[in-house]
Each structure stands twice: as C-alpha cells, then as structure tokens.
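Below: the structure, in structure tokens.
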Amino acid sequence: MFDTVLLAMPAPQALALLGDHAPGLRAAAAGAGMCPCWALMLRFDAPLAWDLDAAFVNQGPLGWMARDSSKPGRPRHETWVLHATADWSQEHLEDDPADVARAMLKAFADLGGAAPAAWTAHRWRYATHAPALTEGCAWDAATRLGLCGDWLHGGKVEGAWLSGQALARRVLQQG
Ligand SMILES: Cc1cc2nc3c(=O)[nH]c(=O)nc-3n(C[C@H](O)[C@H](O)[C@H](O)COP(=O)(O)OP(=O)(O)OC[C@H]3O[C@@H](n4cnc5c(N)ncnc54)[C@H](O)[C@@H]3O)c2cc1C
C-alpha cells in the first residue's frame, strides 16, 4: 500500500507500469513519441587534428558528433561521441552493436575522422522526443500518481532534473 507513486522513467516504460490507472497520465505517456539513438563512444591514442569540437552531420548514419574530451574536467585522453540520426537508429535498432559501430565508424572516416583505439556502442532506446514536450511533469491528484523525466521537460539531463523538481512541488502543494 502506498500513499503516492512517482514514475521517473521514459514514457513507454511509465505507460507499462500505469496499467489502467489515471487515464490523463496514460494519455500523456502514450502521446509522447520517443525515438532511439545509437551512440558510439570512441577513444584515441592521440588528438585528432581536426579544427572542430562538434558538428551536426545529419547525413548518412550520423546525426551529431562531439569531441567529448574538449569539455571541462574531462580526462586527457582524446574521446569523441557519435550519435546516429533517429531514422537510422530506428532502422538499425535490432542490429548487432559491432555492425552498427562499423557503419558509424565508416561514416566518421568518410568525414576525415581516424580509426579509434577503442569504441563502445550504446543503444539508447528512448532518446529523443517528437514533438518535444514542455509540461514539466504530470500529476493525477485523485490517484496520487505522478510522472516525471526528461521527456516532459524538453529532453536532456537538465530537463530530467527540472521535471523531478516540478513534480516534487506538485506533491508538496497537494499535502
Ligand atoms: C549515450 C548518452 C549520452 C547522453 N549525453 C547527454 C549529454 O551530453 N547531455 C545531456 O543533457 N543529456 C545527455 N544524455 C541524456 C540524459 O542521460 C537523459 O536526458 C537523462 O538521463 C534522462 O533522465 P530521466 O531520469 O528522465 O530518465 P533515465 O535516465 O532514462 O532514468 C530512468 C530510470 O528508470 C529505470 N526504469 C525504467 N523502467 C523501470 C521499471 N519498470 N522499474 C524500475 N525502474 C525502471 C531505468 O532503468 C532508469 O534508471 C545522454 C544519454 C545517453 C544514453
């Protein structure tokens, strides 16, 4: 028995837990279109001689790439993160990570990137939201069920934090 239940997770996972409860929350979660993103993290033995730290690519497999090691406070190793586009990620959602990495590394090489010393692929199943939602959080006073997560606050980790705060305020207001 619980007084209040707050679900802090992507919309499809929240929807599965809501069951038949709180139709308003179900509608919010069901309406959140979430797209996947294959992400590839690369480590190099030496800095890439490239006069850029980040770029939107948006052609072929690649959507975005960034020199992660250029961010403040990162270790000195040269590291990059590649994101595939939502469409390409959806098409290759069930592919073997090694095949995904091969395709993304080829696209990276075609742009002039070098072969990494090591890579890690991560299938980010619920990555982006189309359209982006800005409700902040969702709360059902009758059942005392609440939803929060980046998908309710414009995406990204800042959105997740702000969404959690917004839901906490709703719960405190309710008493
Ligand atoms: C590779 C990668 C790179 C990223 N880079 C950036 C970046 O540079 N900047 C940025 O701002 N954001 C970045 N993000 C996005 C950021 O990680 C997310 O915006 C943030 O984690 C969302 O937080 P959340 O709490 O809404 O959801 P999540 O972090 O997805 O947390 C949901 C949690 O709920 C758990 N869960 C799900 N279902 C259940 C269940 N049935 N029972 C119990 N637990 C469950 C999951 O295991 C998970 O721990 C990145 C994400 C990835 C994957």
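One residue stands out in the stretch 25-55 among those that are surrounded by fewer than 16 Cβ atoms within 10 Å (Cβ to Cβ) and within 21 Å of G159 (Cα to Cα): the one that is farthest from the ligand (Cβ to nearest atom), namely A27. The sole residue among A14, A22 that is away from the ligand (no atom under 11 Å from the Cβ), surrounded by 15 or more Cβ atoms within 10 Å (Cβ to Cβ) and outside the structural domain of M104 (by TED's automatic domain parsing) is A22.
For the residues R123, R102, the requirement of being farther than 26 Å from A22 by Cα, out of contact with any Lys or Arg (no Cβ under 6 Å at 6 or more places or on another chain) and within 13 Å of the ligand (Cβ to nearest atom) singles out R123.
Say we look at the stretch 144-161 and pick out the residues that are closer than 20 Å to G33 by Cα and out of contact with any strand residue (DSSP E or B) (no Cβ under 9 Å at 6 or more places or on another chain); which of these is farthest from the ligand (Cβ to nearest atom)? So the residue we want is H153. Of the residues T85, T79, the single one that is of a type in the set (S, T, Y) and more than 14 Å from the ligand (Cβ to nearest atom) is T85.
Screening D99, D68 for residues that are on the phi < 0 side of the Ramachandran plot and over 17 Å from the mean Cα position of the chain (by Cα) leaves exactly one candidate, D99. Identification of helices (runs of 4 or more DSSP H) wholly contained in the stretch 75-175 with 3 or more residues that are surrounded by 19 or more Cβ atoms within 10 Å (Cβ to Cβ) and either outside the structural domain of P47 (by TED's automatic domain parsing) or without any contact (Cβ under 8 Å) to a residue 12 or more places away in the chain (or both) yields 156-174. For the stretch 24-43, does any single residue satisfy the condition of being part of a loop (DSSP other than H, G, I, E, B) and among the hydrophobic types (A, V, I, L, M, F, W, C)? Yes; the residues of the stretch 24-43 include at least one that is part of a loop (DSSP other than H, G, I, E, B) and among the hydrophobic types (A, V, I, L, M, F, W, C). Across the stretch 1-11, the number of residues qualifying as outside any strand (DSSP E or B) and either modelled with pLDDT of 95 or more or surrounded by 15 or more Cβ atoms within 10 Å (Cβ to Cβ) (or both) comes to 4.
The values are calculated or read from the model by the stated rules, or taken from the named source; none is laboratory data. Remember, it's a predicted structure, so these values are computed and weren't measured experimentally. Note that each Cβ is placed from the backbone with ideal geometry, even for glycine, and that neighbours are counted across all protein chains shown.
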